[in-house]
Amino acid sequence: MKTYSAKPSEVVRKWYVIDASQAPLGRVATQIATLLTGKGKPMFTHHIDCGDFVVVINAASVVVTGDKMKDKMYYSYSGFPGGLRERTMTEQMQKDPLLVIEKSVKGMLPVNKLRPARLARLKIYAGADHNHEAQKPELLDLKKGAK
């Protein structure tokens, strides 16, 4: 019996919609990272990108536990002396709530050549509306778990 290895031409991508306001940020990001990598598929192969498309809605109303809204910091560094900028999660949510989900998902994906393509399949929207109805995405209820 031979070991199965997926080929890029055999990959079938599905579309999923996840509501970020249903569960805490970490659980939402974990579910998104699993879908983007394709680990739930029987054809999963480490060196082939087998993941699906993920549309995240309600990013502006993301849920966090504890005091993360005031304690969690987001840093950006320009590369110059004194160029370190920091924001709390509250400030970041007011400026760009999409970045909060994007950074949490990016940190959960493996660091390799497939990561940029996986992140490109992640579509994040601040409100409940998205423009991917033509792809007939499947709604995932995070309260019950995947599927």
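Derivation of every value follows stated rules applied to the coordinates shown; laboratory data play no part. Since this is a predicted model, take the numbers as computed values, not measurements. In this analysis, Cβ positions are derived from the backbone assuming ideal geometry, glycine residues included, and neighbour counts consider all displayed protein chains.
Points worth noting:
- The sole residue among ASP52, ASP67, ASP71, ASP96 that is of a type in the set (D, E, K, R) and in contact with a Lys or Arg (Cβ under 9 Å, 6 or more places away or on another chain) is ASP52.
- Residue that is over 17 Å from LEU119 (Cβ atoms), basic (Lys, Arg) and without any contact (Cβ under 8 Å) to a residue 40 or more places away in the chain, where the choices are ARG85, ARG27: ARG85
- Residue count for the range 1-35, restricted to those that are under 11 Å from the mean Cα position of the chain (by Cα) and part of a loop (DSSP other than H, G, I, E, B): 1
- Hey, VAL55 surrounded by 11 or more Cβ atoms within 10 Å (Cβ to Cβ) and farther than 30 Å from TYR4 by Cα or not: no
- Within the range 110-120, the set of residues being assigned to a helix (DSSP H, G or I) and either among the hydroxyl-bearing types (Ser, Thr, Tyr) or surrounded by 11 or more Cβ atoms within 10 Å (Cβ to Cβ) (or both) comprises ARG115, ALA117, ARG118, LEU119.
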